[in-house]
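Just so you know, all these numbers are worked out from the coordinates, no wet-lab data involved. These numbers come from a predicted model, not from an experiment. No Cβ is skipped: glycine too gets one built from the backbone with ideal geometry, and neighbour counts run over all protein chains shown.
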Amino acid sequence: MKKNIIIGSRGSILALAQANLVKDKLEKNYPNLSFEIKEIVTSGDKDLKSNWENSDVSLKSFFTKEIEHELLDGDIDIAVHSMKDMPAMSPKGLICGAIPDREDPRDVIVSKNGFLVTLPQGAKVGTSSLRRAMNLKAVRPDFEIKHLRGNIHTRLKKLETEDYDAIVLAAAGLKRTGLADKITEYLNGEVFPPAPAQGVLYIQCREN
């Protein structure tokens with residue numbers, strides 16, 4: 001058996017935080033083995049913008065396929081993904097090896113101007129998710145939904161520096177990156193159903 005296990009991950013702050021959570025658990029359970037994280041740049045990290053509005057393209061594989069290639073080639077031993085990024089089918093030869101305990105699945109408001117019900121009339125709320133936009137409009141039809149993309153830190157910076165009153169993010173990402181103190185309000189899961197598998201990690205490995 002190999003003594004050094006290589007964990008594949010995207011290079012974003014959140015992806016590396018998630019990979020390190022898995023690495024810490026493995027180190028505790030397998031003290032005789034060593035573990036290291038290899039950062040892999042995916043198509044989504046290089047250029048997602050040009051594919052964003054192409055309805056014929058699934059965006060999910062843009063965050064996984066390069067990592068899966070390295071896994072199939074044996075350059076890494078396991079991969080840590082956000083389950084919500086995973087296509088419905090894995091490539092032949094790869095399987096789900098484990099699913100760690102789920103983090104908080106709820107959406108949250110990060111705001112400069114109060115809670116959901118106290119935001120001013122016509123408040124500008126940032127999200128790139130159609131699901132989140134529709135949920136917000138169902139509760140506050142007066143909101144102006146503004147497109148917002150980027151990693152967690154980019155979105156938080158845009159809230160500070162651009163014309164947003166509030167933004168909607170996943171609780172799991174903020175908690176895993178040590179930013180839970182930024183959360184203004186946790187949104188009720190019955191009123192704001194989270195995305196399927198939000199807060200779930202998917203540990204992928206070779207079938208053999």
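Listed values, structure above:
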read-out: Loop-located chymotrypsin sites (Phe, Trp or Tyr not before Pro) in the stretch 119-208 whose Cβ has at most 13 other Cβ within 10 Å (DSSP); value: none
read-out: Distance in nm between pseudo-label sites at VAL41 and ARG102 (7 Å out along the Cβ direction from Cα); value: 3.5 nm
read-out: Loop-exposed trypsin sites (Lys or Arg not before Pro) per DSSP, neighbour cap 15 Cβ within 10 angstrom, longest uninterrupted part of the chain; value: 4-91
read-out: Net +/- balance of residues flanking GLY178 in space, Cβ distance below 15 Å, scoring K and R +1, D and E -1; value: -1
read-out: GNM result for the chain, Cα springs below 10 Å: residue of GLU66, GLU190, GLU160 fluctuating most strongly; value: GLU190
read-out: Shape of the stretch 169-208, Cα gyration tensor, a/c cut at 1.5; value: oblate
read-out: Radius 12 Å from Cβ of ILE109, net charge of other residues (Lys, Arg +1; Asp, Glu -1); value: +2
read-out: Ratio Rg/Rh [Cα only; Rh per Kirkwood] for the chain; value: 1.00
read-out: Sequence-distant residues sharing a close amide H with LYS146 (under 5 Å, placed H); value: VAL125, GLY126, THR127
read-out: Percentage relative contact order, the stretch 107-186, counting C-alpha pairs under 8 Å, at least six apart; value: 48 percent
read-out: Residue-averaged 222 nm ellipticity for the chain, from DSSP H runs of 4+ at -39500 (n - 2.57), nearest 500; value: -8000 deg cm²/dmol
read-out: Residue among PRO91, ALA170, GLY11 farthest towards the positive dipole end of the chain, charges placed on Cβ; value: ALA170
read-out: Karplus 3J(HN,Hα) series, Hz, for the stretch 179-188 with 6.51 cos²θ - 1.76 cosθ + 1.60 (x for Gly, Pro); value: 10, 4, 5, 7, 5, 8, 7, 8, 8, 4
read-out: Positive-end residue of PRO196, ILE145, GLY114, charge dipole of the chain with Cβ unit charges; value: GLY114
read-out: Alpha carbon centroid spacing (whole Å) that separates the stretch 57-123 from the stretch 184-208; value: 8 Å
read-out: Segment SER34-ALA195, extension gain: residue separation times 0.36 nm, minus the distance between their alpha carbons; value: 54.5 nm
read-out: Hull-based mean projected area of the stretch 107-186, where the convex hull spans the alpha carbons, in square nanometres; value: 4.6 nm²
